[in-house]
Amino acid sequence: MCGFVGLVDSRKTYKKEEVIKKMADRIKHRGPDDEGYYTDDNIALGFRRLSIIDLDNGFQPIYNEDKSMVITYNGEIYNYKELRSTLEKCGHTFKTNTDTEVILHGYEEYKCELFNKLRGMFSFVIYNIKDKELIAVRDYFGIKPLYYYKEDDLLLVGSEIKSFLEHPNFKKQVNDKALKMYLIFQYSVFEETFFKNVYKLKPGFYFKYKDGELNIKKYFNIEYKRTDKSYEEYKELLKHELEESIKYHQITSDVEVGSYLSGGVDSSYVASVAKPDKTFSVGFKEKSDNKLTFDETVYAKELSKKLGIKNYSDYITKKQFFATLPTILYHTDEPHANLSTVPLYFLSSLASKKVKVVLSGEGADEMFGGYNEYYEPTILKFYASFPLGFRKFIGKIVKPLPHFPGQNTLIMYSKPFYERYIGHAFVMNEEEANEILCDKLKDNMMISEITKPYYDKMKKEDDISKKLYLDMHMWLAQDILLKADKMTMANSLELRVPFLDIAVWNLARQIPTKYMMKDKQTKYIFRDIALNKIPSDWANRRKLGFPVPFSKWIREKEYYKKVKDIFNMDYVDKYFDKQVINNLLEEHYSNKKNNGRKIYNIYIFLLWYKRYFIDEDKNN
């Protein structure tokens, strides 16, 4: 696992060698073991290496035989040995034993057809020195990040946005238009990031850049092909693919591979198949109803003992939580209000003291229907079959009434499907977001403008498939995988996600959703497979995620004051109505309402702004 930076700029107003070195140093945490550079009159590429494969020779950038092409790359290709064997038969010669060189020769041989032959996680840039053409590619599901900045004759590319800050011609500006939807979704939903003119290359896409022209194309589509086979046949096929994928993700390394372990089925299954020497867990010593409801380390320790594996665990204090938030937001690049990002940072810090690579369970829920929101009771399915006009009429009647059981459900089902389910994270609606924003940032943009284009492609699919499709594109790529990459790399640790394997996907997309949901049990077929490896308490445990007691903490005077101080800083007026957000905080502190999630979203944005637009400028 590594990080790369690049710039294309034919102007000679600065020294490319110096600038690219500064850009690479900004992401040293992604690769503390080594660095390398390529520069010419047109381009500069920089690389930071975390040594995982071919420790003695796998230095980047890497060239092809005649040095007409050069590559910098971040990721792991698990089938690189098979691809290398084929390429050698085609006449290619290799200087190293790396997967990086396999990608470069593969591109020589297959051009863009190579991308769909790769089994792994990847983002990379290849520069054709003779033709002065740059190609940048991101993997199928968005496991590895790739950002770019284009303005006038300057193109910047990199694994992290913060590297762009070192370029003398980079204009650092807040993209105000991203804020409203962030407040609703808790993460940045647009291709353009919170930095103006900085974009994410979407998963499954690549671009070519030559003579100032940027051409973006798609090479991979998430498409379902539900095929009717027996449950037992799918169960056996999936069991085989999952075990094969975990094996590939474990053995493709020249260093030790550990595993994350919570109390849930996903990481428990990975650990039970991989049987690593070391597993890692974190939690909070916070009680609710006299139970440690924020601590899954007890389950992790118990399962590790059953499996005969060493478990390393730690507890996070509230003091650590609040003190570390600015550092975490520096590493996320953009405001990111998923509460589990913080424990993941501490978990990665713990693991990095013992190993360089960890396995994790991300992706199982989106592949196999694991979220509780995917389950819809029969009575609600029946009600959803009523004409939309009738449901809207009922919604209008019940909305102004005093609260009663089922009221929120009737209001929710008064909306079309593409407004009813907007993804796993939903913090507030458009009206609530506009209420807390300052006047100049209030707008008429609706959630449906984000979600409907995805649902339009899924009109013929069942409701579970529709939800899976939306979450694969939004929640998984832009929240789950972003925090997984950024928090592990902040600690110079490589994270591997064997459920998000292209071979697993090619089978999972065929499995009928009736095998994923049985009665009220989500992810049914996967849990059934897991029962062969782990006890039923782990296989059937309801999904918790990383529970974090933030809402509880800010009812304590010390942490309420921390948030209040930020809510009343001078720059807040540029984005929010101070009175409204302070009212939210007071309501919560006095226990009148639980506004914890809304407060956290606002707080995170303001901390992020302070870190990048106030503290950053002071330090320079």
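Computed on the Cα atoms alone, the convex hull of the stretch 372-518 gives a volume of 176 cubic angstrom per residue.
Think of each Lys and Arg Cβ as +1 and each Asp and Glu Cβ as -1; about the Cα centre, that makes the dipole of the stretch 214-297 roughly 280 debye. Close amide-amide hydrogen proximity is noted between Asn595 and His588, each under 5 Å apart and 5 or more residues distant or on a separate chain (H modeled in the peptide plane; Pro and chain starts excluded). The eigenvalues of the Cα gyration tensor, multiplied by 5 and square-rooted, give the stretch 112-248 an equivalent ellipsoid with semi-axes of 34, 21, 13 Å from largest to smallest.
Return the equivalent ellipsoid semi-axes of the stretch 435-510 as a descending list in whole Å, where each equals the square root of 5 times an eigenvalue of the C-alpha gyration tensor.
Details: eigenvalues 165, 118, 8 Å².
Here the semi-axes work out to 29, 24, 6 Å.
How much of the accessible area of the stretch 517-591, probe 1.4 Å, is carbon plus sulfur, in whole percent?
Numbers: 1710 of 3800 Å².
C and S fraction of accessible area: 45 percent.
Placing +1 at every Lys and Arg Cβ and -1 at every Asp and Glu Cβ, with all other atoms neutral, what dipole size does the stretch 55-174 have around its Cα centre, in debye to the nearest 20? List each step's numbers first, then the result.
Working: 16 positive and 19 negative charges, 47 e Å.
With Lys and Arg at +1 and Asp and Glu at -1, about 220 debye.
Sorting the segments 573-581, 337-345 by their residues' average number of neighbouring beta-carbon atoms within 10 angstrom, most packed first, yields 337-345, 573-581. Hey, could you get me the Stokes-Einstein D for the chain, Kirkwood radius over alpha-carbon pairs, 10 °C and 1.306 mPa s, rounded to whole µm² s⁻¹? Once the numbers are plugged in, D ends up at 62 µm²/s.
Shown for the stretch 131-205: the carbon plus sulfur share of the solvent-accessible area, taken with all protein chains present and a 1.4 angstrom probe, equals 38%.
For the stretch 302-453, give the percent of accessible area contributed by carbon and sulfur heavy atoms, probe 1.4 Å, rounded to a whole number.
Working: 4100 of 7130 Å².
Roughly 57 percent, rounded to a whole number.
Percent of C-alpha pairs per 10 Å bin in the stretch 1-121, short distances first: 13, 42, 33, 11, 1. Per residue, the average separation of C-alpha pairs within less than 8 Å and at least 6 apart gives the stretch 136-268 a relative contact order of 21 percent.
The base-10 log of I(q)/I(0) for the stretch 258-404, evaluated at q = 0.13 Å⁻¹, reads -0.76 [Debye formula, identical scatterers on Cα atoms, solvent excluded].
Between Asn532 and Asp314, full extension at 0.36 nm per residue minus the direct alpha carbon distance yields a gain of 75.6 nm.
Remark: the Lys12-Thr86 segment gains 22.4 nm on full extension, using 0.36 nm per residue and subtracting the alpha carbon distance. The residues of the chain present an accessible area of 41 Å² per residue when probed at 1.4 Å with all protein chains retained. The charge dipole of the chain, taken about its Cα centre with unit charges on the Cβ atoms of Lys, Arg (+1), Asp and Glu (-1) only, comes to about 1700 debye. Candidate cross-link partners of Lys523 among the lysines, defined by an alpha-carbon separation under 17 Å and a same-chain spacing of 8 or more, comprise Lys235, Lys239, Lys466, Lys467, Lys514, Lys533, Lys543. Given R0 = 45 Å, the distance between the Cβ atoms of Ser551 and Asn506 translates into a calculated FRET efficiency of 0.65.
Full extension from Lys392 to Ser68: what is 0.36 nm times the residue separation minus their Cα-Cα distance, to one decimal in nm? Display every interim value, and only then the final one.
On the way: separation 324, 0.36 × 324 = 116.64 nm, distance 6.28 nm.
Taking 0.36 nm per residue and subtracting the Cα distance, the gain is 110.4 nm.
Among the listed pairs Lys396/Lys578; Lys442/Lys610; Lys162/Lys574, a Cα-Cα separation exceeding 25 Å is found for Lys396/Lys578.
Toward the positive end of the charge dipole of the chain, with +1 on the Cβ of Lys and Arg and -1 on the Cβ of Asp and Glu, the farthest Cα among Phe220, Thr96, Leu325 is that of Leu325. Neighbours of Lys208, meaning other residues whose beta-carbon lies under 12 angstrom from its beta-carbon, give a summed charge of 0 when Lys and Arg score +1 and Asp and Glu score -1. Net charge in the neighbourhood of Asn491 (other residues with Cβ under 11 Å of its Cβ; Lys, Arg +1, Asp, Glu -1) is +3. Couplings 3J(HN,Hα) of the stretch 112-123, computed from phi: 6, 5, 4, 4, 7, 8, 7, 10, x, 10, 6, 9 Hz, in residue order, whole Hz [Karplus 6.51 cos²θ - 1.76 cosθ + 1.60, θ = phi - 60°; x for Gly and Pro].
By the scheme Lys and Arg +1, Asp and Glu -1, what is the net charge of all other residues having a beta-carbon under 10 Å from that of Lys415?
Values: positive: Arg391, Lys392, Arg420; negative: Glu419.
Summing Lys/Arg as +1 and Asp/Glu as -1 gives +2.
At q = 0.23, 0.24 Å⁻¹, what is the log10 ratio I(q)/I(0) for the stretch 310-377, with the Debye formula run over Cα points and no solvent? Treating every Cα as an identical point scatterer, log10 I(q)/I(0) equals -1.11, -1.13.
Quick one: Debye curve from the C-alpha atoms of the stretch 124-192, no solvent, what's log10 I(q)/I(0) at q = 0.12, 0.21, 0.29 Å⁻¹? For the stretch 124-192 at q = 0.12, 0.21, 0.29 Å⁻¹, log10 I(q)/I(0) is -0.43, -1.12, -1.30. Projecting the Cα atoms of Thr522, Leu156, Ile502 onto the charge dipole of the chain (Cβ charges, centred on the Cα centre) puts Thr522 farthest toward the positive pole.
Using only alpha carbons, build the gyration tensor for the stretch 494-595 and give me the equivalent ellipsoid semi-axes, biggest first, whole Å. If you can, show how the numbers build up before the last one.
Working: eigenvalues 388, 67, 41 Å².
Largest first, the stretch 494-595 gives 44, 18, 14 Å.
If the Kirkwood radius is taken over C-alpha pairs of the stretch 527-587, then at 37 °C and 0.692 mPa s the Stokes-Einstein diffusion coefficient equals 218 µm²/s.
Can you list the aspartates and glutamates whose alpha carbon is less than 18 Å from that of Lys452, not counting same-chain residues fewer than 8 positions off? Excluding near neighbours in sequence, the set is Glu191, Glu223, Glu419, Glu430, Glu461, Asp462, Asp463, Asp471.
Placing unit charges on the Cβ atoms of the charged side chains and taking the dipole of the chain about its Cα centre, the candidate lying farthest along the positive direction among Ile602, Met489, Ala178 is Ile602. Near the amide H of Met121, within less than 5 Å, lie the amide hydrogens of Glu76, Tyr78, all on another chain or at least 5 residues away, with H placed in the peptide plane.
The values are calculated or read from the model by the stated rules, or taken from the named source; none is laboratory data. Please read these numbers as outputs of a predicted model, since none were measured by experiment. With ideal geometry, Cβ positions are generated from the backbone for all residues, glycine too; neighbour counts draw on all protein chains shown. SASA here: full protein model, heavy atoms, side chains in, ligands and nucleic acids out. Shrake-Rupley method; radii C 1.70, N 1.55, O 1.52, S 1.80 Å.
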